[in-house]
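Step one of this worksheet: look at the structure below.
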Amino acid sequence: MALSTNSVIHYTNSLENLVGIIKAQGFRIKYCSENLDITFEHPLSSAFPMVSFCDIPLSEVKIHIDSYGSFGIGLNKFWAKSQALNPVLYLERESSLSAHITKQVGKIMDTLDTLSDGKQPSSADLDLTRDLPILMSYLKNYEGRLVRGTVNSDNYRFYDEREWRYIPTIEELDGAPYVVQGIQYSEDKDGYNSKLADKYLKFRHTDISYIIVDSENDIPEILTTLNEVFEDICTSKDLKILSTKIITKNQIYNDF
């Protein structure tokens with residue numbers, strides 16, 4: 001049995017969200033807050049702009065559905081690679097890599113203090129201040145606290161999510177911040193996400209490998225949406241093929 005799928009799948013918690021993704025032919029990019037609990041005195045809370053996916057085999061996805069929702073859309077990995085998606089790097093709290101990253105974050109804090117004092121830091125320190133947040137946007141705890149959906153756990157193993165992320169480049173953000181401190185983000189989530197209102201990760205109908213719904217009752221609305229969105233840009237044969245990619249949660253639980 002494969003340990004990963006040949007698709008990346010984005011799960012969501014409502015039919016409305018899934019229909020919105022199909023109508024937009026893309027995923028709206030939003031900030032997501034991460035609490036990185038490694039060797040810092042306190043967890044480092046930051047929000048990055050992203051779209052998250054996983055490549056968990058459907059036979060193993062029940063816990064993930066419980067956490068993130070029973071609706072989803074899968075895109076093939078050729079699309080994922082062409083859009084520069086990458087798996088996240090999971091960190092064990094006490095590892096030497098965690099200690100090294102903590103040290104580099106400390107250097108950034110020192111550089112920011114230097115700038116606030118009106119002093120000129122070295123070019124190497126400025127490069128680190130620019131480049132390390134890019135690496136950190138792909139970091140996640142190996143395990144930790146999660147309260148989401150039906151999951152409430154102090155030792156949830158994020159590693160089992162097999163997460164892939166799309167994160168836009170600084171240039172693609174058109175002035176929106178690449179990273180936001182967690183406290184600032186929690187105080188104005190709508191304000192920060194409004195800066196990304198026109199930012200989408202797009203796909204074509206040929207990129208779709210799965211459309212996952214909660215039950216058979218959801219299928220008619222998905223079929224109607226597929227016809228409305230794609231009837232002018234693909235053949236009737238293509239639409240029929242798309243319809244065969246719809247699968248229900250119960251089918252996943254019972255047949256995989």
**Message:** Given the criterion among the basic types (K, R), buried (at least 17 other Cβ atoms within 10 Å of the Cβ) and either under 23 Å from T12 (Cβ atoms) or free of Cβ contacts under 8 Å to residues at least 24 places away in the same chain (or both), identify the matching residue among K140, K103.
**Reply:** K140
**Item:** Pair list, Cβ under 7 Å, 6 or more apart: the range 224-238 residue within 15 Å of I208 (Cα to Cα), other residue assigned to a helix (DSSP H, G or I) and basic (K, R)
**Value:** T225/K23; V229/K23
**Prompt:** Quick check: is even one residue across the range 196-210 surrounded by 12 or more Cβ atoms within 10 Å (Cβ to Cβ), under 13 Å from I29 (Cα atoms) and out of contact with any Gly (no Cβ under 9 Å at 6 or more places or on another chain)?
**Reply:** yes
**Request:** Any chance you could count how many residues in the range 28-65 are outside any strand (DSSP E or B) and free of Cβ contacts under 8 Å to residues at least 60 places away in the same chain?
**Result:** 4
**Request:** Kindly check whether there is at least one residue in the range 90-113 that is at pLDDT 85 or above, part of a strand (DSSP E or B) and in contact with a strand residue (DSSP E or B) (Cβ under 8 Å, 6 or more places away or on another chain).
**Result:** yes
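What about A84, is it of a type outside the set (F, W, Y), in contact with a strand residue (DSSP E or B) (Cβ under 9 Å, 6 or more places away or on another chain) and farther than 13 Å from M136 by Cβ?
Judged against the criteria, A84 is a match.
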**Message:** Residue under question is S4, and the condition is that it be in a strand (DSSP E or B), farther than 19 Å from L201 by Cα and either of a type outside the set (D, E) or out of contact with any Lys or Arg (no Cβ under 8 Å at 6 or more places or on another chain) (or both); does it hold?
**Reply:** no
**Asked** Restricting to the range 218-243, what's the tally of residues that are within 12 Å of L15 (Cα to Cα), of a type outside the set (V, I, T) and in contact with a strand residue (DSSP E or B) (Cβ under 9 Å, 6 or more places away or on another chain)?
**Response** 2
**Request:** Could you list all residues from the range 151-161 that are hydrophobic (A, V, I, L, M, F, W, C) and more than 20 Å from Y138 (Cα to Cα)?
**Result:** V151
**Fill in**
Flagged in the range 230-256 as touching a His at 6+ places or on another chain (Cβ under 9 Å) and crowded, with 18+ Cβ neighbours inside 10 Å, in numbering order, are F230, L242
**Prompt:** Taking the range 148-185 on its own, how many of its residues are β-branched (V, I, T), under 29 Å from S7 (Cβ atoms) and part of a strand (DSSP E or B)?
**Reply:** 1
**Request:** Return the total of residues in the range 199-243 being closer than 28 Å to L173 by Cα and in contact with an Asp or Glu (Cβ under 9 Å, 6 or more places away or on another chain).
**Result:** 3
**Request:** Among the candidates D160, D190, single out the residue that is modelled with pLDDT of 95 or more and either surrounded by 15 or more Cβ atoms within 10 Å (Cβ to Cβ) or over 23 Å from Y90 (Cβ atoms) (or both).
**Result:** D190
**Complete set of residues in the range 162-209 that are among the β-branched types (V, I, T) and within 15 Å of S137 (Cβ to Cβ)** = I167, T169, I170, V179, V180
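Could you please give the count of residues in the range 199-249 that are assigned to a loop (DSSP other than H, G, I, E, B) and modelled with pLDDT under 95?
Final tally of qualifying residues: 5.
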**Fill in**
For P121, the lone unmet condition from (1) at pLDDT below 75; (2) under 20 Å from G182 (Cβ atoms) is (2)
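The values are calculated or read from the model by the stated rules, or taken from the named source; none is laboratory data. Everything numeric here is computed off the predicted structure, so don't read it as measured data. For neighbour counting, all protein chains shown are included, and Cβ atoms are generated from backbone atoms with ideal geometry for every residue, glycine included.
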